[in-house]
Amino acid sequence: MRSFYSAKHDGRLRYHDLPGDGIPLIFFHGLGCASSCDYPAVAADERLRGRRILLVDFLGSGFSDRPESFAYTVDAQADLMAVFIRHLGVEKIDLFGHSMGGTIAIETAYRLGAIVDHLMLGEPNLEGGGGTFSRQVAGMAEADYVAHGHDNLVQAAAADGNDIWARSMAVSAPYAVHRGAASLVAGSDPLWRDRLFGLTSRRTMIFGERSLPDPDMQRMKDAGVGVQVVADAGHSMAWENPAGLAAAIKAALG
């Protein structure tokens, strides 16, 4: 595992950098998750073998630092990711982001411009209001969530059999999860959907089969955004069918 320190953001990112050829492919994880946990099986799939892949844990998650002074909003994380990717010194990158990570990927691509060759998104948040999980978290005051809400969610996830997600959540900073959730609920102006439609990079939206029907599928097609579907999976596609997600990414990249 490698690390990158940003003095501007007062934190150190940690990430896996798997060697290979071609345009690097970078993975962004969702709220309460970590790329170091979610994507090793995807990266190891034969369809993606041989190319350079980076699995990045956002600040507040996984193995990365947890500075209390950091905002943990979509914009704050995207600012840091743009700094990190420029630090890599690559001419081009391909970017995959899932859920909140997909929203951060949209904003990162906007900041990086022509550096992003292909942007791939796994069911990202495209407008304010959040999802069921983020609304539940943001519905509490940050102090209350930090004091007891976070531990309650971890225990509930474990009791429901979501052992991996519960452990990933357990090592996430509670204030980071809350601020990220509040950012998703608050939304943005312009909408993240409109920001996506305005990008000039190649773009693909990836849905889990069990998440369909979704009105955004037709919206993507109408806007010239490619669409891929991961069979036998819902929103948690990296856990439910990692080979299927690797296949969808490979198909998107062509």
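The values are calculated or read from the model by the stated rules, or taken from the named source; none is laboratory data. Everything numeric here is computed off the predicted structure, so don't read it as measured data. Glycine gets a Cβ as well: all are built from the backbone with ideal geometry, and neighbour counts include every protein chain shown.
Only one of ARG47, ARG51 is surrounded by fewer than 24 Cβ atoms within 10 Å (Cβ to Cβ) and either touching a strand residue (DSSP E or B) at 6+ places or on another chain (Cβ under 7 Å) or of a type in the set (Phe, Trp, Tyr) (or both). Can you tell me which?
Matching residue, one of ARG47, ARG51: ARG51.
Candidates in region 54-71 are the residues that are surrounded by 19 or more Cβ atoms within 10 Å (Cβ to Cβ) and aliphatic (A, V, I, L, M); of these, the one that is farthest from LYS250 (Cα to Cα) is LEU59.
Residue by residue, here is whether (1) of a type in the set (Val, Ile, Thr); (2) surrounded by fewer than 16 Cβ atoms within 10 Å (Cβ to Cβ); (3) without any contact (Cβ under 8 Å) to a residue 40 or more places away in the chain holds:
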position: SER188; (1), (2), (3): no, no, no
position: ASP194; (1), (2), (3): no, yes, yes
position: PHE197; (1), (2), (3): no, no, yes
position: ILE206; (1), (2), (3): yes, no, no
position: GLN218; (1), (2), (3): no, yes, yes
position: GLY226; (1), (2), (3): no, no, yes
position: HIS235; (1), (2), (3): no, no, no
position: TRP239; (1), (2), (3): no, no, no
position: LYS250; (1), (2), (3): no, yes, no
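Elements of the type helices (runs of 4 or more DSSP H) sitting completely within region 127-174 and holding at least 3 residues that are more than 30 Å from PHE197 (Cα to Cα): these cover 150-159, 163-170.
Of all residues in region 47-70, none that is more than 22 Å from ALA246 (Cβ to Cβ) and without any contact (Cβ under 8 Å) to a residue 12 or more places away in the chain has its Cβ atom under 6 Å from the Cβ atom of a residue that is assigned to a loop (DSSP other than H, G, I, E, B) and of a type outside the set (Gly, Ala, Ser), 6 or more apart or on another chain.
Conditions tested, residue by residue: (1) over 26 Å from ARG111 (Cα atoms); (2) at pLDDT 95 or above; (3) aliphatic (A, V, I, L, M).
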position	(1), (2), (3)
TRP192	no, yes, no
LEU199	no, yes, yes
PHE207	no, yes, no
PRO213	yes, yes, no
MET217	no, yes, yes
MET220	no, yes, yes
GLN228	no, yes, no
ASP232	yes, yes, no
HIS235	yes, yes, no
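Within region 128-150, which residues are of a type in the set (Phe, Trp, Tyr) and at pLDDT below 95? The one that is of a type in the set (Phe, Trp, Tyr) and at pLDDT below 95: PHE133.
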